[in-house]
Amino acid sequence: MNFPSELKYTKDHEWVKVNGDTATIGVTDFAQGELGDIVFLDISSHGQSLSKESVFGTIEAVKTVSDLFMPVSGELIEVNPSLDSAPESINTDPYGEGWIIKVKMSNPAELDSLLDATAYKALTGN
Amino acid sequence: MSETNTLKSVALNDVHIALGAKMVPFAGYSMPLQYSNLIQEHNAVRNSVGVFDVSHMGEFVISGDKAIDLLQWVTSNDVSKLENGKIQYSCLPNEQGGIVDDLLVYRINEKVYLLVVNASNMQKDWDWIKNHNKFGAEMLDISDQTSLLAVQGPNALKVVQKLTDVNLSEIPYYSFVYGKVAGIENVLISCTGYTGAGGFELYVQNQDIKKLWDAVFEAGKEFGIMPCGLGSRDTLRLEKGFCLYGNDIDDTTSPIEAGLGWITKFNKDFVNKAYHEKIKTEGPTKKLVGFEMIDKGIPRHDYLIKNEGGETIGRVTSGTQSPSLNKAIGLGYVAMNFNALDSEIFIDIRGKLLKAKIIKIPFL
């Protein structure tokens, strides 16, 4: 299982990649493995400003549905357009092609509360 | 995880774990949900062959001169129509108009029957049948000694045929024989399954299941055989519109409402017959139907079904993204007047009303 060290993580099994004030967000390798085959993403909060830990969408696997939470506060400025036709890229490449949203952070200090790769890996029991 | 302590294990438990299966609690057993990938497992069964360990299922032997009297009384189908070597799908009606369980009834001979019941209902079924055994039939629970492999898919026959001299192509659907398979004597070879993909279910004693499993996988290698978990078992059965107890039928649903009128025979007496006959004569107030999503979304168990005006007209009992059809499908009870084929209905998915259309089942 893969835990890239350059990323930040949440206890809800999402990852955050920071580039200036933009955060790219997805679900972790561990999460996609637990969910199984991802078949659908429902993200209707495009363009909205949401606070940390609020639900920005849902991710559906064949057997389960899970909420997706904002790891940081900010405006949801982009949704990965390729997930509409290829949601399975979250399974095959969770940290790359399978990214889910981009957020313009309103309070980058919140990043300090996220986990680093070592702490997240420990959380998953690996 | 205190429940893990009380979970029962199937005889192949270590085999599943060694294969990397994701084990989950199901009906009191630790069972494989999936081994590697649900969709690959699903496709293996639809296109070639896959194997399910369903040893958690319950098996009861009902025997004696009065066996048929007990079975006619507790089951909804007409057991007198069964011949030796034939199998019947049936259900146990309860006294409140619902269903205790659905089951298979095997006629071994005129005085010996095998019942195969859902693991989740094993104790309930046993108690129910025992309490209705005013006839004095003999009852034996062989669930704990019995293992069951379902070898399913268009290539299942070729795989199992390599392991036996019994001519499998001569066993019709819903029929069975006893024969030697993989060197194991007296295997119950049953042409049944829960996938609609064809194949066989093989009943053996626990001590023989590992030998059978290994032989089946060796024989299936050339067909790309895969071990399959409960996840794909559910998507496969749902594509065929087969009911799952606890989802689509339960203690409160009538077999008539569930579309199981074909296994409910009023030419004989059975528990609560008058009630079900009344529903059949007067017509039910709701009916189990199949639907496909038109808007994007996946229906799930217990989501509400609404009409265009937002009034509740039913509820979803099963739903999934169908791997074979690549669309979202579901089953649900919908009130009469709203449940005709091609009707538009709306599924309340997390507060959004998403359009769906009633279509015929099986979906595939």
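Computed from the coordinates by the stated procedures, all read-outs in this text should not be read as laboratory data. Quantities reported herein were computed from a predicted structural model and do not represent experimental measurements. Please note: Cβ atoms are built from the backbone with ideal geometry, for glycine as well, and neighbour counts cover all protein chains shown.
Points worth noting:
- When chain A is treated as a GNM with alpha-carbon contacts under 10 Å, the residue of A:Gly36, A:Gly26, A:Gly98 showing the greatest mean-square fluctuation is A:Gly36.
- Across chain A, Cα pairs under 8 Å and at least six residues apart give a relative contact order of 31 percent.
- Computed label-point distance, nm, for sites A:Ala117 and B:Asn186 using a 7 Å Cα→Cβ extension: 5.9 nm
- Mean per-residue shielding of peptide A:115-126 is 0, counting Cβ atoms of other chains within 10 Å of each Cβ.
- Over region B:1-106, the hull volume per residue, using the convex hull of the C-alpha atoms, is 184 Å³.
- Applying a threshold of 25 Å to the alpha-carbon distances of B:Lys81/B:Lys134; B:Lys240/B:Lys278; A:Lys63/B:Lys162; B:Lys8/B:Lys327; B:Lys81/B:Lys280 flags B:Lys240/B:Lys278; A:Lys63/B:Lys162; B:Lys8/B:Lys327 as lying beyond it.
- Considering only A:Ile77, A:Ser106, A:Asn91, and ranking their Cα positions along the charge dipole of region A:72-126 that arises from unit charges at the beta-carbon of Lys, Arg, Asp and Glu, the one farthest toward the positive end is A:Ser106.
- In a simple Cβ point-charge model (Lys, Arg +1; Asp, Glu -1; nothing else charged), region A:53-126 has a dipole of about 120 debye relative to its Cα centre.
- Our helix-only sum for chain B, with -39,500 (n - 2.57) per DSSP H run of n ≥ 4 divided by its residues, gives a mean residue ellipticity at 222 nm of -5500 deg cm²/dmol.
- Normalised alpha carbon radius of gyration of the protein assembly as shown [divisor 2.2 N^0.38 Å]: 1.08
- A dipole drawn for region B:68-207 from +1 and -1 charges on Cβ atoms has a positive end, and of B:Leu163, B:His132, B:Ile142 the residue lying farthest that way is B:Leu163.
- Magnitude of the charge dipole for the protein assembly as shown, about its Cα centre and with charges confined to Cβ atoms of Lys, Arg (+1) and Asp, Glu (-1), is about 920 debye.
- Highest-first arrangement of B:333-340, B:115-122, where packing means the average Cβ count within 10 Å: B:115-122, B:333-340
- Prolate/oblate/rounded label for region B:58-142 (Cα gyration tensor, a/c 1.5): rounded
- Per-residue mean of foreign Cβ neighbours for B:296-304 is 3 (Cβ atoms of other chains, 10 Å radius).
- Sparsely packed GluC sites (Glu not before Pro) within region B:270-364, loop by DSSP, other Cβ within 10 Å at most 14: B:Glu308, B:Glu311
- Centre separation in Å (Cα based) which lies between region B:208-227 and region B:54-109: 31 Å
- Dividing the mean sequence gap of close Cα pairs (under 8 Å, 6+ apart) by how many residues chain B holds gives a relative contact order of 17 percent.
- Label-zone membership for region B:268-291, site B:Leu341, 7 angstrom Cα→C-beta point, backbone N under 19 Å: B:287-291
- Chain B: most fluctuating residue of B:Ser343, B:Ser48, B:Ser63 per GNM, C-alpha cutoff 10 Å: B:Ser343
- Between region A:19-43 and region B:306-364, the Cα center-to-center distance that results, in Å: 28 Å
- Look at the stretch B:259-269: the mean tally of other chain Cβ atoms within 10 Å of its residues' Cβ atoms is 0.
- Cα shape, region B:285-359, gyration tensor, a/c 1.5 rule: prolate
- Total charge dipole magnitude, region B:58-142, about the Cα centre, Cβ charges on Lys, Arg, Asp, Glu only, Debye to nearest 20: 120 debye
- Prolate/oblate/rounded label for chain A (Cα gyration tensor, a/c 1.5): oblate
- Listed residues B:Ala156, B:Ala219, B:Ala18, most fluctuating in chain B (Gaussian network, C-alpha, under 10 Å): B:Ala18
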